[in-house]
Amino acid sequence: MPTQSDIQQAIQALSFNPYTVREDFPILSEIFQRGEKQVPLVYLDNAATTQKPRQVLDTILHYYHHENANVHRGIHTLAERATEKYENARKKVAEFIGAPSEKTIVFTRGTTEAINLVAGSWGRKFLKAGDVVLLSEMEHHSNIIPWQLLSQSIGIELRYIPVTEEGTLVLDQLPQLVDERVKLISVTHMSNVFGTINPVKEIVAFAHERDIPVLVDGAQSAPHMPVNVQELGCDFYAFSGHKMCGPTGIGALYATERWLEEMDPYHGGGEMIRSVWWDRATWNDIPHKFEAGTPNIAGAIAFGAAIDYLQRLGMDAIHQYEQALTRYALERLEDIPGFRIFGQAPERGGVISFYVGNIHPHDVAQFLDADGVAVRAGHHCAQPLMRKLGIPATARASFYFYNTPEEVDILVQSIRKLKEFFGDGF
Amino acid sequence: MAFDDLYQEIILDHYRNPHNFGEIQRSCTIVEEDNPTCGDQIKLSLWVDENKTIQDIKFSGQGCAISIASASIMTETVKGKTTNEAREIADTIITTMRGEGEPDVLDEYGDLIALKGVIQFPARVKCATLAWHALEEALQKAETGE
C-alpha cells in the first residue's frame, strides 16, 4: 500500500504543490458548524462540478467592471475589448485540446448542449430513418437522450457497446455491432460512474476505416488529462468549463472544419447570419454560424482564464498527481470490510463509485456530510447502467488536483465510522 | 447536531428491524411506488375488510434508512384504523413533510414524531413520504376496486 511518505514523494516530484494551490480556491477553506464541532469542507464531488480559483473569479469581476459590452457588433472601445477577449478565449480552448484552428471551436452552454448541437445540426442533416447511432452502456444521459429524441423525430436506431462487470467496454463486439447502417459512434472518453478511461483513439481508428464519424464526450477527460483531438482523430469533442475550474453555463464543441461547414445551423438569431431577407437568410462563417444570440461572454472569458490556470499547473502533472491520489485512495478504501467499488478498469481516473455493505448511498452521503465530506449519491445520470448493475444508486467520491491525501484519510475514517453507525445496512 | 435530528434512535430501530415487512398472504390490494432519483422502491400490500378497517398492511422493497423507517412506522400507525382515518393521517404527514403544516402535529402520532427531523433536510423529504404516497394510492385502489 502506498504510504503517506510515498505520496509526499510523488508530490515533491510535481511541477505544482496541491497544498499551496488550495490557497487559490477561497471555498476550500469553508468550515461547517456541526453542533459544538467545526469541520472543514472536504470537497470530493469534482465529477459533478469543480471549485473555482480566485484567478477565474477575478476575471469575471474584471470583465464586468472594465470590459462589458456585446461582442461582434460595436465600434466603441468596450465592444472591441469584449470581442477581443471573447475570441482570445476561443483560441485558448482550441490550443488546450490541440484543435487545428479556433474556427473549429463553438462555444456552448456545456457538454450537454454540445452533444445536442451535433444531434440537431449534424444528425438531422446526415441521418435518416433506419440509420444507427452506436453509443455505449456507460454513457451519461446527455449522450443518450439527444439521440433518443432524434430517434423519435426521424426514426434512427440506437445500439450500445456493452460494458463488463469491471466497467470496461466490450470492444471485441465492435465488428458485430458495426454494420453498414451505423452512421455515427458517440462514446465517453472517461466514465463519470466507473472512472474508466476508454481507448477512444482505437475506437476512432476502427470507425474511420469504415468512414464512420466519432463523437467523444470529454466532460470527464478534458479537466483531468492532456487531450489532443487531432491525435485522437475524433470528428467531434464536447466538454464543459465548470468541470475544469471555469464557471457554469459555458463549454465547447470541437468539430472538424469539414463538418462545421456542411452542418446546418443549430439555433437561429443574431450573430449566426450573414444577410437576412424577409423570406431567407445566409449564414455567418464558422464557428459563428452556430452561436446565435448574445453568448455567455463573461463565461467564455473566464473559461479561458481557467485554461490558463490549468496550463500553468500542467495537464501532465495534474493527471500524474490524480493517478497517485486515486491509487492511494483505492488501496485504503478496499481495505474497509464490505467496501465495494464499481469500476475496476486498469485505465482509470479519479472517480470512485462505491457501496458500503448494504447501506443506501443516501445514508452514506448524509453521514459523510456530517463530517464535512461532500460526495455524490445517486444514479449519476446513468439510470440504464444502474439497472444493469442491479443497484439503485451509488455513492461517488471524485478528486481534483487540489485534493490531498489527508482529505482521503478523512473520507476513509468517516466511512469506517459509518459502518459502526449503520451496521451492514438493511 | 442536525445529523442526529435526522437519524434518531426511533428511525434507526425501525430501519434495523422494520415492522410489517413482507407481503400479505391472501388476496389484497397491491401497489408499487418508486422514487427514480434515489432508486427507492416500495411494494405495499393492504387488506381492508368490509367495514373499511385496515386489517393488515405490509411493505417490502429497498431504500435508505429514512424511507424504510418511514414505511415501517406508517404500517404501525395505520393498522387497525379505518380507511378514512388512514387517509387523513397520510394527508397530514405529507403536508407537514413538505413544510406546509405545523411540525408539532407529528407529536400526536407515536413514533411519527421521529420524522420531524427530516423536515430540515429538503433533499430527504421524498424518502420519508414515499411510503405515504404508496398508502394513498393503495387506499384509492382498494376503494375503487381497480
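Observations
- Selection within the stretch A:79-102: residues that are among the hydroxyl-bearing types (Ser, Thr, Tyr) and either modelled with pLDDT under 95 or in a helix (DSSP H, G or I) (or both). The member of this set that is most open to solvent (accessible area, probe 1.4 Å) is A:Thr83.
- Failed item in (1) assigned to a helix (DSSP H, G or I); (2) away from chain A (no Cβ under 14 Å), with B:Val118 passing the rest: (2)
- Taken residue by residue, the stretch A:286-306 has at least one member that is in the same structural domain as A:Ala222 (by TED's automatic domain parsing), surrounded by 23 or more Cβ atoms within 10 Å (Cβ to Cβ), under 29 Å from A:Gln12 (Cβ atoms) and at pLDDT 95 or above.
- Residue, modelled with the highest pLDDT, within the stretch A:234-278, restricted to residues that are open to solvent by 70 Å² or more (accessible area, probe 1.4 Å) and of a type in the set (Lys, Arg): A:Arg258
- Long-range neighbours under 7 Å by Cβ, at least six apart or interchain, first residue in a loop (DSSP other than H, G, I, E, B) within the stretch A:125-144, second open to solvent by 20 Å² or more (accessible area, probe 1.4 Å) and among the basic types (Lys, Arg): A:Leu127/A:Lys183; A:Gly130/A:Arg181; A:Asp131/A:Arg181; A:Asp131/A:Lys183; A:Glu137/A:Lys388
- A:Ser29 being open to solvent by 70 Å² or more (accessible area, probe 1.4 Å), of a type in the set (S, T, N, Q) and modelled with pLDDT under 95: no
- The stretch A:344-376 - residue that is crowded, with 23+ Cβ neighbours inside 10 Å and away from chain B (no Cβ under 14 Å) and, of those, farthest from B:Leu12 (Cα to Cα): A:Gly349
- For the stretch A:62-78, the criterion of being assigned to a helix (DSSP H, G or I) and either under 19 Å from A:Leu313 (Cα atoms) or touching a residue at least 24 places away in the same chain (Cβ under 8 Å) (or both) is met by at least one residue.
- Tallying residues that are under 22 Å from the mean Cα position of the chain (by Cα) and not hydroxyl-bearing (Ser, Thr, Tyr) within the stretch A:371-407 yields 21.
- Residue check, A:His360 modelled with pLDDT under 95 and touching a Lys or Arg at 6+ places or on another chain (Cβ under 9 Å): no
- Counted residues, the stretch A:404-426 - those being open to solvent by less than 20 Å² (accessible area, probe 1.4 Å) and not hydroxyl-bearing (Ser, Thr, Tyr): 8
- Failed condition for A:Arg327, given (1) open to solvent by 40 Å² or more (accessible area, probe 1.4 Å); (2) basic (Lys, Arg); (3) more than 30 Å from A:Ser15 (Cα to Cα): (3)
- Flag for A:Tyr64 being open to solvent by 80 Å² or more (accessible area, probe 1.4 Å) and more than 21 Å from the chain's Cα centre (by Cα): yes
- Unmet criterion (only one of (1) in contact (Cβ under 8 Å) with a residue 40 or more places away in the chain; (2) on the phi > 0 side of the Ramachandran plot) for A:Gly35: (1)
- The residues of the stretch A:377-403 that are of a type in the set (Ser, Thr, Tyr) and either surrounded by fewer than 22 Cβ atoms within 10 Å (Cβ to Cβ) or over 30 Å from A:Ser15 (Cβ atoms) (or both) amount to a single one, A:Thr394.
- Only one entry in A:Val204, A:Val182, A:Val200, A:Val178 is within 27 Å of A:Arg396 (Cβ to Cβ) and either surrounded by 24 or more Cβ atoms within 10 Å (Cβ to Cβ) or hydrophobic (A, V, I, L, M, F, W, C) (or both), namely A:Val200.
- Every condition in (1) of a type in the set (A, V, I, L, M); (2) within 27 Å of A:Thr196 (Cα to Cα); (3) open to solvent by 10 Å² or more (accessible area, probe 1.4 Å) holds for A:Ala129 except the one numbered (2).
- Residues in the stretch A:372-416 that are assigned to a helix (DSSP H, G or I), modelled with pLDDT of 95 or more and charged (D, E, K, R): A:Glu406, A:Glu407, A:Asp409, A:Arg416.
- So A:Ser151, is it assigned by TED's automatic domain parsing to the domain that holds A:Leu215, among the hydroxyl-bearing types (Ser, Thr, Tyr) and assigned to a strand (DSSP E or B): no
- The lone criterion from (1) assigned to a helix (DSSP H, G or I); (2) assigned by TED's automatic domain parsing to the domain that holds A:Val21; (3) open to solvent by less than 50 Å² (accessible area, probe 1.4 Å) left unmet by A:Gln320 is number (3).
The values are calculated or read from the model by the stated rules, or taken from the named source; none is laboratory data. The shown structure was predicted, so the numbers you read here are calculated from the model rather than taken from an experiment. Because the Cβ atoms are built from the backbone with ideal geometry, glycine has one as well, and the counts that use them run over all protein chains shown. When the accessible area is computed, the model is the full protein with side chains, heavy atoms only, and any ligands, DNA or RNA have been set aside. Shrake-Rupley method; radii C 1.70, N 1.55, O 1.52, S 1.80 Å.
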